[in-house]
């Protein structure tokens, strides 16, 4: 997956370019558009995992899997609130703020992790964080409507 970020910083749009047959996982309601022939399949990723991700991790219950046609394709994504997108290349475990996940390579597994009281009182983000692990890229958002320290 190749990611191009456009219109930064306040209303960023991510263009995910996929090779033929390549798949990408996208948070529900983050897809803006897709190229012709790209297919969509909605999954939970396991009922208990989806419950944890949804109720504890601040993400949606369902996740969308997009598959590019043989000639390749594109999926366009954006954050749910005005803000910026960033691309993280994972090679080790990373904790992501609740609600910040937008998309990732299929080699990334997602789960929830107790963030402790520091994550709740320090950032106002909640007691749980999203745990991303594996090899590949993750697209995350940052909310422009929140000022530092709020």
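All of the numbers you see were taken from the coordinates with simple rules; none came from a lab. These numbers were taken from a predicted model, which means no experiment stands behind them. Methodologically, a virtual Cβ is constructed for each residue, glycine included, from the backbone with ideal geometry; neighbour enumeration extends over all protein chains shown.
On the basis of the beta-carbon distance and an R0 of 22 Å, residue 15 and residue 92 show a calculated FRET efficiency of 0.25.
Computed extension length for residue 133-residue 81: 16.2 nm, one decimal, from 0.36 nm per residue of separation with the Cα-Cα distance subtracted. Net length available on complete extension from residue 5 to residue 41 is 10.5 nm, with 0.36 nm assigned per residue and the Cα-Cα distance removed.
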